[in-house]
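Written out below as structure tokens is the structure these notes cover.
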Amino acid sequence: MSKSFFEINNVTFAIGGKNKVNDVNISIENEGDIICILGPSGIGKTTMLRTIAGLEKINQGEIILKDKVISSNKIHVQPEKRNIALSFQENSLFPHYSVDRNIHLGIKKNSTDNKNINSNEIIKILNLESVLDKYPHQISAGESQRASLARSLISQPDLLLLDEPLSNVDQSFKEDIQVALKQILKKNKISTIVVTHDSYEAFYLGSKCAIILDNEVKQFDDPYNVYHFPNSVQVVNFLNRGILLPAKVTGGNSLENDDLGIIKGKFIKHYPTGSNVQLLLQPEDLEHDDDSNLKLEVVDRKFRGTNFIYTLKTQSNKLIPVAVHTHHWEQHEVNEKFGIKRPIELEHIVCF
Amino acid sequence: MFRNLNIWFLSSLLISLIVIIPILTVFSSFFENTSNYFEILKNTFLFEYTLNSLILLVSVLFFTFFIGTGSAYLVSFYEFPLSNFFKWALILSFAVPPYIYAYSLTAFFENYGTAYTILKNLFGDANYNKHIPKFDGMFGSILSISFSLFGYVYILTRASFLYQSQNLIDLGKNLGFSNLKSFYSIILPSARPAIVAGLSLVAMETLAEFGAVDFFSINTLTTGIYNSWIAFDDLAFANQLSFFLLLFIFALFILENLSRKKAKYHFNSRGGFKQKEKIKLVKKKSFFAFIFCFFIFFMSFLFPLSQMLYWTIKFPENLYDLNILSLFLNTLYLVILSSFALIIFSLISNYGNRVSQNRVLNILSTLSISGYAIPGVILAIAFITFIAWIDDSFIKNLGYLSIKKIFIGSIIGLVIVYFIRFYSLAFNGIKSGYEKVNIYVDESAYLLGYSKSKTFMNIHIPFLRNSLLFVGILVSLEIIRELPIALILRPFNFETFATTAYISASEDLLEAAAVPSLFLILIAALFIMISSKYILRDTNE
């Protein structure tokens, strides 16, 4: 008997030899948990969902849902028998039925499940009331994506698979839906796997995130750890939230970089003194201080609403991102000098 | 390879194999012995047959391009008197098969024909015969086939023009192009795949044409095949001639297929399309546009219709001599049986292809739909050859009675060959309906708990309802007009409008051919009118 509600054990996902993800081991521990799969386009995320849904077969490993093997090299439970819902990224509404009928086709007549999902509530939350009488070709891509999501939710699945569920939804509306979606899923204890390439969406929705890179799961951890303690250079590069600087370990809690000098903090992993490492520096690691004698040249400034992200050039031509609150009293233009507070002390030191 | 083996896959495979048999029969007969007829023909008429086929093909392509593209351009881009009427009226030309057009041409222009009668009534007795031009022989055949088939070019080109966004036209204007320059440097090139597709269909039908060229006594490869079978009883040689003709047709078929693939790029996705604003023509330009379209409409539909109507009224005894009801019921019987079989099996085959996603099946299906490219004469003869081979090789050897009577000269045989001939029409018609449903729709249904059969019955069939109706009408129209297959394979004493018209005409009784021809045109026109909204589907539908 498996310990988790849902498990993927040693499965290699592939369709016709393409989009291969090797030897995957991930799980949903408790019913109602949400996990996210993050990775670049074309890496095989959708293939994973299709396989879990039973639309593709596997040759090795096993997929277990509620203590029952649903896929292995010998067993393949048909998609219609799995009670797994998949909300596709592309329009998958039945073209000859109205949106209303499409959504209500999700209701399973003989469902014995005790989940009590109110279709009207879902329709209201997903803001679909005004398009219920329309046909799929008469609505926008975002609306059809939401309708498809509503249909999947109403079907009261044991496992819900969402493939880029909000990719076509307007930015202004996206955050509200993310909040509402998470509430519905939690309230109704619907275990969910969300595939996305938007790391913020993944970090918000998922209690755990799997990062797929180079045909394998590079990291499967909670969002905080994935962001602050990436376990490989590839994950750092994929998340693109910092840079790697060459440094030399100078003691149990310090290291030195040629441009920034001594940097202090708690090492996540032990490195012997004197060893050369690559230090991960994220935008929130350095602090602005124009009184400091450590000054770097501003080469770019990006406005990100809450923050400005300055790109600073070091003497050895490395580009370092630094976040500064937009209400900060003094802002700098490109080509100006930008002071960095010393001594540099980091919350944690991540090196490779 | 056969990972997804299921009942749908097996059914599709079986259907494709059945349809492919006549094609294989023609190819295999290439290696058989023939009678002396081949030697005689090779030294005498073979060159003439090939040359005539080529002259006919090139001329018909030229005419159909000119009138098909010209009329499509005018009704798509301009507004002039009756332009909306011409938009659908021009497709009525499909109601007149080339052989009936040939009868009309002859009836009107022959010595003491309708033209003579009109002149006599207007200007009194005189020797008008000398001055009335004679549209027979090769030129008559070219005119008959062109006016009957230009609709293919018209429909496909017009559809392509409709899919051209106003943005494209605006771009031309922005670059300072005149209307003429916009036409040949923007509009025409982007409609090229559609025009080529239309011309390829015309080419296949022209090479397959039997009734009109036979009536005008023009010897082509197709009539050669018919003669070698009927006069010399040489099936093997008929098949060998067919093989050469098929190679020619396959080249065209590949060309058409390639151009269709390109045509996909001409469909605009939602959002980027801007509906065209039609330019209102005035004065001289408006008059010429009207005259051009009216001339084509008159020549392709009104002229043969009124000629047949005129003769039917002039010689009413022919109306009483024929058992119209029986001809109607026979035609209807064939139409219903064949359409039913075609729709059911094409639907199953399409779904089988969709759910199996099997490469072997895909190739077989592509080959099997080439039946449309094979002239009816060849198909009928290949079918007889195949049945005779089965009968001689297996049935008789096993001591059973001959099966020839079941399949040759029977409704069953006729329906089977119609099935093979028009399978591609039905298959492609349903396929284009299916192309509007992406595969995620099926998968969503499975994930909602629907089995494959339930998805087929509850999701696909309701969605394809309109496509099925359209396919049914299109197939019916073809069967009503079809001549050589019915002529060769029909049961004794079983006549349709098409065969009755042909028999009367071949006995030089054109007046008697008028009644069945008139009924054929009227019934076909009715079918066209019912389906016109599907044939002329606009972009916003």
So if I check each of B:Y310, B:Y320, which one is more than 25 Å from B:R490 (Cβ to Cβ) and of a type outside the set (A, V, I, L, M, F, W, C)? B:Y310
Would you mind stating whether B:N257 is farther than 23 Å from B:S368 by Cβ and either at pLDDT 75 or above or surrounded by fewer than 19 Cβ atoms within 10 Å (Cβ to Cβ) (or both)? no
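Would you mind listing the helices (runs of 4 or more DSSP H) fully within segment B:326-417 where at least 2 residues are of a type in the set (D, E, K, R)?
In segment B:326-417, the matching helices (runs of 4 or more DSSP H) lie at B:404-407.
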Counting just the residues of segment B:446-459 that are within 7 Å of another protein chain (Cβ to nearest Cβ) and in a helix (DSSP H, G or I), which one comes out farthest from B:I7 (Cα to Cα)? B:L447
Sort through B:E443, B:E435 and tell me the only one that's acidic (D, E), within 14 Å of another protein chain (Cβ to nearest Cβ) and either more than 24 Å from A:L149 (Cα to Cα) or open to solvent by 20 Å² or more (accessible area, probe 1.4 Å) (or both). B:E435
For the condition part of a loop (DSSP other than H, G, I, E, B) and open to solvent by 50 Å² or more (accessible area, probe 1.4 Å), what is the one hit in B:K120, B:K134? B:K134
If I ask for residues that are open to solvent by less than 20 Å² (accessible area, probe 1.4 Å) and of a type in the set (S, T, Y), which ones from segment B:47-77 would you list? B:Y49, B:S53, B:T64, B:T69, B:S71, B:S76
The listed residue being closer than 12 Å to A:C351 by Cα, touching a strand residue (DSSP E or B) at 6+ places or on another chain (Cβ under 7 Å) and assigned to a strand (DSSP E or B), out of A:L312, A:L245, A:L296: A:L245
Consider A:R151 carefully, then state whether it is basic (K, R) and within 12 Å of another protein chain (Cβ to nearest Cβ). yes
If you check every pair at least six apart or on different chains, which have Cβ atoms under 7 Å apart with a residue in segment A:129-151 that is of a type in the set (K, R) and at pLDDT 85 or above first and a residue that is in a helix (DSSP H, G or I) and open to solvent by 90 Å² or more (accessible area, probe 1.4 Å) second? none
How many residues does segment A:215-257 contain that are open to solvent by less than 60 Å² (accessible area, probe 1.4 Å) and either more than 30 Å from A:K45 (Cα to Cα) or acidic (D, E) (or both)? 10
Members of segment B:51-108 that are within 22 Å of the chain's Cα centre (by Cα) and among the polar types (S, T, N, Q): B:N52, B:S53, B:S59, B:T64, B:T69, B:S71, B:S93, B:S104
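The values are calculated or read from the model by the stated rules, or taken from the named source; none is laboratory data. From a predicted model like this one, the values you see are computed outputs, not experimental measurements. When we count neighbours, we look across all protein chains shown, and the Cβ atoms used for this are built from the backbone with ideal geometry, even at glycine. Each accessible area value is taken on the protein alone, full model and side chains, heavy atoms only, with ligands, DNA and RNA left out. Shrake-Rupley method; radii C 1.70, N 1.55, O 1.52, S 1.80 Å.
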